[in-house]
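The block underneath contains the structure these notes are about, expressed in structure tokens.
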Amino acid sequence: MKQIPVMAEPDHPREECGVLGISTPHGDGIAEMAFFGLFALQHRGQEAAGIAVSDGQRARLHKDEGLVSNIFTPEAMAPLSGYHAIGHTRYSTTGSNAHRNIQPFLVETMHGPLAVAHNGNIVNASALREELLHRGFGLTATSDTEVIALMLAAAGGRTWQDRLERTIPAWKGAFSLVLLAADEVIAVRDPWGFRPLSVGRLPHGGWTVASETCALATLGCADIDEVQPGEIVTLRGSEIARHQALTPAPRSARCTFEFIYFSRPDSVWDGQNVHHVRQRLGVELARESHVDADVVIPVPDSSIPAAIGYSAESGIPHNDGLIKNRYIGRTFIEPTQDMRERGVALKFNALSENLAGRRVVMIDDSLVRGTTAGPLVQMVRDAGATEVHLRITCPPITHACHFGVDMGHDSDLMAARLSVPEIAEHIGADSLAFISYDGMMRAVSASEGYCNACFTGDYPIPVHEAQAKLSFEGAIA
């Protein structure tokens, strides 16, 4: 049965994906470990998930649409025995959310099985895909990850590490990859370092690599370290090998939105706890855009730390004003027209006891299309607030991302069309303020090394070859 969204697209960038790789010397519970690792990465993609496992000779795969807990039943996981595993949680950035695009991709090659899971986006995927087609390859999906898998399968070299090293210079863009071969797991990160990737040692032997450190902590990992840009990490049971395959780009480009919205607050990104950075974003926002008010409320959940920081710096009390239904993401039941018109009320309820008669500062992490900001402001007003002042913990988003985040096109972005006062009027707020670029970077404790192209239009690599999300869909229906 087709899953039907219950409400309009959320006014946030959509998460990229989550990747996971595990290798153990004993193989006990490999599928269960992969399940719990992916469960910790569920926030990075809720469309689909998959796990591929190898026992040293044969690879097995299970993947499907839906959430991790629904896909991986005991019956589905029973055949997934082995020593090595990779997994993926998906939100589509290149290619639709069709079943054929679910990862990992598993192919049989002359060198043995190869499974690939990818977080990121290759901006020159269209040209690479055309080259594969002209060489006679048949493609069955519309994802840049399939392009990556087939390029590796066709590459020369004695080992998969050799083939990777020969192939990755052709990929322009963001890629944090995990590969499953017959007897090893290999991870590689692009030389710009767009998307996160970390590695840790399992408590009873073996190693794990994952998009976020929260997944490594869930599995009890120690000796957690970031995979460096351009680095290839090979996991084989109790052994680990690290090789700097490509020189890191002179201009590194970590995604600032990992701090603002994507990463779980207990994760560490670039050596910093995400929750603490979000609190500092709130502190900087209060310093830049203080307003007389009675209460500070977050739009849950990712804005909670920033609201705490704003409250501490401004001296305005912090309280809950909106309660989020965390189970509303997808449903099999189509809502009535009346329920559709209620929009954000399906996802949030206001606490009138904390809002009535008060001047409210509402903290949110981003404003993209402007689809939910207005209804949220109105909901707070309807709960009795006398004033609603919206504060955003990132600068205005004026340019689309081409490196693994779905923000839509430039024309979809409200801040690309309207000034800040015009946006405030459009959403019905008494005032609106975004954190400044400099304030954001002070909170991140950096002056360079991050990709902020969605705020500035200054892309770290050329994006003229970038394709629309569904650009490969024409030939395959």
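Derivation of every value follows stated rules applied to the coordinates shown; laboratory data play no part. Since we're looking at a predicted model, the values are computed, not measured. When we count neighbours, we look across all protein chains shown, and the Cβ atoms used for this are built from the backbone with ideal geometry, even at glycine.
Using 0.36 nm per residue, how much length does the chain from residue 386 to residue 326 gain when fully extended, once their Cα-Cα distance is taken away? Mind dumping the intermediate values first?
Values: separation 60, 0.36 × 60 = 21.60 nm, distance 2.78 nm.
That pair, residue 386 and residue 326, stretches by 18.8 nm at full extension.
For segment 343-392, what are the per-bin percents of Cα-Cα distances with bins 10 Å wide, up to the bin holding the maximum?
The distribution over segment 343-392 is 27, 58, 15, given as percents.
Please work out how much length the chain gains when fully extended from residue 353 to residue 69, using 0.36 nm per residue of separation minus the C-alpha to C-alpha distance, in nm with one decimal. Walk me through the numbers before you get to the answer.
Working: separation 284, 0.36 × 284 = 102.24 nm, distance 3.58 nm.
That works out to 98.7 nm of additional length.
Can you tell me which of 347-353, 162-168 comes out highest on packing, and rank the rest after it, using the mean Cβ neighbours within 10 Å?
On the way: 347-353: 17.1, 162-168: 18.7.
Result, highest mean Cβ count within 10 Å first: 162-168, 347-353.
Using the charge dipole of the chain (Lys, Arg: +1 at Cβ; Asp, Glu: -1 at Cβ; taken about the Cα centre), state which of 296, 181, 122 has its Cα farthest towards the positive end.
181
Lysine pairs in the chain with Cα distance under 27 Å, only those 8 or more apart or on different chains: how many are there? If you can, show how the numbers build up before the last one.
Details: 2/63; 2/324; 2/347; 2/469; 63/469; 172/469; 324/347; 347/469.
Summing the qualifying lysine pairs gives 8.
On the principal axes of its Cα set, how long, how wide and how thick is the chain? Give whole Å, largest value first.
Answer, in whole Å and largest first: 70, 48, 48 Å.
Could you please report the charge total around residue 187, scoring K, R as +1 and D, E as -1 over all other residues with beta-carbon less than 10 angstrom from its beta-carbon?
Numbers: positive: 189, 242; negative: 231.
With Lys, Arg at +1 and Asp, Glu at -1, the neighbours total +1.
Taking a virtual spin label 7 Å from the Cα of residue 183 along the C-beta vector, which residues in segment 27-44 bring their backbone nitrogen under 13 Å of it?
none
What's the angle, to the nearest 10 degrees (0 to 90), between helix 30-40's Cα axis and the longest principal axis of the chain?
For helix 30-40, the angle is close to 20 degrees.
Before rounding to the nearest 500, sum -39500 (n - 2.57) across all DSSP H runs of length at least 4 in the chain and divide by the residue total; then give [θ] at 222 nm in deg cm²/dmol.
Values: 16 runs with 124 residues, N = 477.
Only helices count here, giving -7000 deg cm²/dmol.
What is the ratio of the Cα radius of gyration of segment 272-456 to 2.2 N^0.38 Å, where N is its residue count, to two decimals? Write out the running numbers ahead of the final one.
On the way: Rg = 16.4 Å, N = 185, 2.2 N^0.38 = 16.0 Å.
This ratio for segment 272-456 stands at 1.02.
Roughly how many whole Å is it from the C-alpha centroid of segment 46-123 to that of segment 19-45?
Spelled out, the Cα-based centre of one part sits 11 Å from the other.
With axes computed from alpha carbons, what is the tilt in degrees of helix 125-134 against the longest principal axis of the chain, rounded to the nearest 10 within 0 to 90?
30
I want to make sure I understand the PRE zone here: with the label point 7 angstrom from the Cα of residue 445 toward its beta carbon, which residues in segment 196-229 have backbone N atoms less than 16 Å away?
Label zone hits: 226.
Quick check: the angle from helix 274-288's long axis to the longest principal axis of the chain, C-alpha only, nearest 10 degrees?
That works out to roughly 30 degrees.
Can you give the FRET efficiency to the nearest 0.05 for residue 166 and residue 249, using r as the Cβ-Cβ distance and R₀ = 22 Å?
0.75
Compute the Rg to Rh ratio over segment 17-253 from the alpha carbon atoms, using the Kirkwood formula for Rh, and round to two decimal places. Don't skip to the end; give the middle numbers.
Details: Rg = 16.0 Å, Rh = 17.2 Å.
Using Cα coordinates only, the ratio equals 0.93.
Rg and Dmax of segment 226-273 over Cα atoms: what are they, in angstrom?
Final numbers for Rg and Dmax: 13.6, 35 Å.
Let's see if you can work this out: charge +1 on each Lys and Arg Cβ, -1 on each Asp and Glu Cβ, no other charges. What is the dipole magnitude of the chain about its Cα centre, in debye to the nearest 20?
Values: 39 positive and 56 negative charges, 122 e Å.
Dipole size: approximately 580 debye.
Between residue 241 and residue 58, what length in nm is gained on full extension when 0.36 nm per residue of separation is reduced by their alpha carbon distance? Provide the component values of the computation, followed by the final result.
Working: separation 183, 0.36 × 183 = 65.88 nm, distance 2.28 nm.
Contour length minus Cα-Cα distance gives 63.6 nm.
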